[in-house]
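Since the structure comes first, as structure tokens, the remarks are kept for the end.
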Amino acid sequence: RGRSVCGGLARRPPGNMLLLKKQTEDISSVYEIREKLGSGAFSEVVLAQERGSSHLVALKCIPKKALRGKEALVENEIAVLRRVSHPNIVALEDVHESPSHLYLAMELVTGGELFDRIMERGSYTEKDASHLVGQVLGAVSYLHSLGIVHRDLKPENLLYATPFEDSKIMVSDFGLSKIQAGNMLGTACGTPGYVAPELLEQKPYGKAVDVWALGVISYILLCGYPPFYDESDPELFSQILRASYEFDSPFWDDISESAKDFIRHLLERDPQKRFTCQQALQHLWISGDTAFDKDILGSVSEQIQKNFARTHWKRAFNATSFLRHIRKLGQSPEGEEASGRRVMSHSHPGLHTGQPPKW
């Protein structure tokens, strides 16, 4: 798994604002650890069952020694999750602290990652993509209403709640989210394949960066490859800065003009002209009946396999290029953490390989 550097089960009642760190000498007195689910930059996630009940959680286990210098990142994730209660956002259910670890008990989602589920489908249409994007837009619009910018939206942070066909999609991973006190944020962050131009320019930015990322995700959902790609990282950044992408034939020949119009409004280079989440939700491709019903599973799944193959997912993004690009811009603009700004890079499963689509 890569990492960011900066960085059908019953849902428990929200009440997240009341969550305090519960002290425990041994987490095994609270939960029975069942199996490892995965690992992140400085944490491990395990399946855990609450003792005295059948309730299961995804327990994020963070060694305190790994937190040195990163305390703010984890506290930020907790602060964000405490404010959030939405059916399409993975919930924080409890927080425990032992002498050696911090534990975040997260709502367990069991349906798997977005791309994996698309590959397993019997059919997949533009309408399906519209429904998926609409759910994510609803969740992100809710975050924005709370003044929260996710800042790291990408396909592998979109999980299905259950294995069933009618499962809802869930937004996860709030490690890079930020509560926006004013109008703009200043810290460069995110995943290069999904970052908005204003982030690459190291300009103060706001909620529009999430809309851009949703534009990239929407594009991928309709063709199976990313809108911006190049073997040269500087050229990749240049494409993003110019919002230079195409609706390539034959992959987009059977996609509606409404879908393309929707994406153009999300991948708008000027954040002031870019759609807000509310505007995107009102677009006919989401709210109306303009999405085509034709099965596009064959072409989309083939492109996902070629451009997001598991073997490619192991490729670490060259963070040096990203840092070099940011530093070439010189003095950081005034804003939050403008002096001593931390640049976040990411090497991650869903980042495209810097190669064009496999025709």
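The values are calculated or read from the model by the stated rules, or taken from the named source; none is laboratory data. All values derive from a computational prediction rather than experimental measurement. All Cβ positions, glycine included, derive from the backbone under ideal geometry; neighbour counts span all protein chains shown.
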Subject >> Odd one out for D261 among (1) surrounded by 24 or more Cβ atoms within 10 Å (Cβ to Cβ); (2) at pLDDT 95 or above; (3) in contact with a His (Cβ under 9 Å, 6 or more places away or on another chain); (4) not β-branched (V, I, T) >> reply: (1)
Original post:
If you scan the stretch 126-153, which residues turn out to be in contact with an Asp or Glu (Cβ under 9 Å, 6 or more places away or on another chain) and either closer than 22 Å to G193 by Cβ or not basic (K, R) (or both)?
Top reply: E126, V140, L143, H144, V149, H150, R151, D152, L153
Original post:
Does F292 fit the bill of being more than 30 Å from K203 (Cβ to Cβ) and either among the β-branched types (V, I, T) or part of a loop (DSSP other than H, G, I, E, B) (or both)?
Top reply: yes
Original post:
Can you pull out the residues in the stretch 104-117 that are aliphatic (A, V, I, L, M) and part of a helix (DSSP H, G or I)?
Top reply: L114
**OP:** Determine whether the stretch 154-165 contains at least one residue that is under 18 Å from the mean Cα position of the chain (by Cα) and β-branched (V, I, T).
**Re:** no
Subject >> Complete set of residues in the stretch 81-103 that are within 12 Å of D26 (Cβ to Cβ) and part of a loop (DSSP other than H, G, I, E, B) >> reply: S98, P99, S100
Original post:
Which of the residues spanning the stretch 221-249 are crowded, with 17+ Cβ neighbours inside 10 Å and within 18 Å of S301 (Cα to Cα)?
Top reply: L221, L222, C223, G224, Y225, P226, P227, F247
Subject >> One residue from R83, R121, R68 being within 24 Å of S218 (Cβ to Cβ) and among the basic types (K, R) >> reply: R121
